[in-house]
1. Could you order the peptides 4-10, 58-64 from most to least packed, using the average number of other C-beta atoms within 10 Å per residue?
2. Exceeding 29 Å between C-alpha atoms, which entries from my cross-link table qualify? They are 3/97; 79/127; 97/127; 3/79.
3. Quick one: what are the phi-derived ³J(HN,Hα) couplings along segment 39-51, Karplus 6.51/-1.76/1.60 with θ = phi - 60°, whole Hz, x for glycine and proline?
4. How much of the DSSP bridge set in segment 4-150 is antiparallel, in percent, rounded to the nearest 5?
5. Taking 7 Å along the Cα-to-C-beta vector as the label spot, tell me the residue 2-residue 77 distance in nanometres, rounded to one decimal.
6. Along the Cα→Cβ direction, 7 angstrom out, place labels at residue 143 and residue 47. What is the inter-label distance in nm?
7. Add +1 for every Lys or Arg and -1 for every Asp or Glu among the other residues with Cβ under 12 Å from the Cβ of residue 5, and state the total.
8. Which ³J(HN,Hα) values, rounded to whole Hz and listed in residue order, are derived for segment 131-143 from phi using the Karplus coefficients 6.51, -1.76 and 1.60 in 6.51 cos²θ - 1.76 cosθ + 1.60 with θ = phi - 60°, glycine and proline given as x?
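Read-outs throughout are calculated quantities, based only on the coordinates presented, and are distinct from any laboratory measurement. Model, not experiment: these values are computed from the prediction. Cβ placement follows ideal geometry from the backbone for every residue including glycine, while neighbour counts extend to all protein chains displayed.
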Amino acid sequence: MNKVPLQLAEGRELYLSPGGHSLLIRAIVEEFAPAGRAIYVGDTGEKWAYFDSDALQQLGVTVSEHGKMPDVVIYHSAKNWLLLIEAVTSHGPVDAKRRDELERLFRDSRAGLVFVTAFLNRKDMTKYTSEISWATEVWVAESPTHLIHFNGERFLGPYAE
């Protein structure tokens, strides 16, 4: 089977297991956060396909291989954000339980934590909408320039244009 090539911003190329999950991970890295630095990329075939433990330690986080990592971890240096991203094709989104697990795992981070659930399309997203935790983001690959914020700054009303 054909592996899915993934080009990291640092110039390194990975080859992920074939399938929709890997296609979504590639879209996350290359389209959702192209300016960010990939710190961890999981794969269905090789869980720790890419892991820059030194970069994560510089941010104050140490994890063992037993830590339950999200599918993708990206550091956005301009904002000092650590994006913790779950790629959902068959398993669930960042729900309240998963958000708590990730907060504990990354509790020592000197970067702000941003929790993101990513889907290939809106149809897949609708299966999990009721499970998605508040104070998280949702990104859909078929609409890459949009983001859904669960818990917006306004309860109701228009945004200034």
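1. Values: 4-10: 15.4, 58-64: 13.7.
Highest to lowest by the protection proxy: 4-10, 58-64.
2. Numbers: 3/97 32 Å; 79/127 32 Å; 97/127 18 Å; 3/79 33 Å.
Violating the 29 Å Cα-Cα cut-off are 3/97; 79/127; 3/79.
3. 10, 8, 9, x, 9, 5, x, 10, 3, 9, 4, 8, 8
4. The answer is about 60 percent antiparallel.
5. My value for the distance between the label points is 3.4 nm.
6. 3.4 nm
7. Values: positive: 3, 12, 26; negative: 13, 30.
With Lys, Arg at +1 and Asp, Glu at -1, the net is +1.
8. Calculated HN-Hα couplings, in order: 8, 5, 6, 5, 6, 10, 10, 10, 10, 10, 4, 5, 10 Hz.
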